[in-house]
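Every number here is computed from the coordinates shown, using simple stated rules; none is lab data. Everything quoted here is computed from the prediction, not taken from an experiment.
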Amino acid sequence: GDKKAVPVTRPMPPVPAAPLPPVQYVSARGVLLRQDAKGGDWMVLPRQGQIRSGNRLASPYPFVSDLAIDGVLARVSLQGNSVVTLAGAAGAICDLAIKRGRVVFRSGPPSPKDVGPVVLRVTIGTRRWRLELVGPDTVCGVEVHPRSPTSFEQDFEGDWYLGSLTVASGTVRLVPDPVQDSAGT
């Protein structure tokens with residue numbers, strides 16, 4: 001008998017998700033609520049509190065919650081009534097999944113350390129975008145709000161939201177993000 005060796009195929013090990021750099025809640029006043037990745041109760045995040053990957057954050061109206069990302073001259077501000085989740089991202093500083101609300105992105109003043117644009121990944125629903133703040137003193141905002149059905153049991157499928165990008169100053173590049181993490185989502 002002539003038996004051929006059949007190669008055993010092993011599943012590829014998943015690519016580890018990129019770590020989230022240290023992110024701190026830096027607002028002088030206001031309230032920021034945090035829920036861990038497993039769900040559970042919403043807790044008030046203390047000033048200078050660290051945000052962990054997978055934390056869901058809610059900035060209740062009328063407060064604005066400022067987040068500082070370690071080592072990056074950029075600030076992320078959650079306007080009142082915003083709900084977002086932060087996670088690490090390959091090829092970007094972090095992934096900001098916006099469930100609803102307005103998020104303002106600001107790149108810092110010019111510095112000798114500037115080595116190109118500040119690159120963030122913004123996830124809205126099933127769509128991922130690469131948001132680049134090109135140059136210093138760039139300010140832009142992303143607004144997301146759920147669509148209201150116009151008929152009974154209307155199915156929006158992936159397009160359950162209305163989103164817009166507003167650029168107040170500087171230059172912004174927004175392109176679909178081809179990078180997929182190990183989960184394949």
Whole-Hz Karplus ³J(HN,Hα) for the range 117-128, in order, using 6.51 cos²θ - 1.76 cosθ + 1.60 and θ = phi - 60°, x for Gly and Pro? x, 7, 10, 10, 10, 10, 10, 10, x, 9, 9, 10
Full-extension gain between Ser151 and Asn81, please, as 0.36 nm times their residue separation minus the C-alpha to C-alpha distance. 22.6 nm
Please compute the alpha carbon radius of gyration of the range 36-126, then divide it by the globular-protein estimate 2.2 N^0.38 Å. Two decimals is fine. 1.10
